[in-house]
Ligand SMILES: [Zn+2]
């Protein structure tokens, strides 16, 4: 009888663990897709590559895909600026 109780307890624990994993995965997926939907894409003024706004570099109202392209487009402050 003790073995039966132990197996029952293990079964319940296993089901609970599976349900917890399932709910967690679903919630993470929901957050990821919501982030993708709300993320704005901007176009690089130098190479026209489209990048998420959070990863883009802004300068004088224009967007660039990276720091190098921002400098290449002639938006550097001048000599001495790194
Ligand atoms: Zn670029």
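Quote to one decimal, in nm, the extra length available between residue 18 and residue 68 on full extension: 0.36 nm per residue of separation minus the C-alpha distance between them.
Details: separation 50, 0.36 × 50 = 18.00 nm, distance 4.75 nm.
Difference between extended and current length: 13.2 nm.
The chain gives an Rg/Rh value of 1.51, both radii derived from C-alpha positions and Rh following Kirkwood.
FYI, it's all coordinate maths here, none of it is from the lab. These figures come from a predicted structure and were not determined experimentally.
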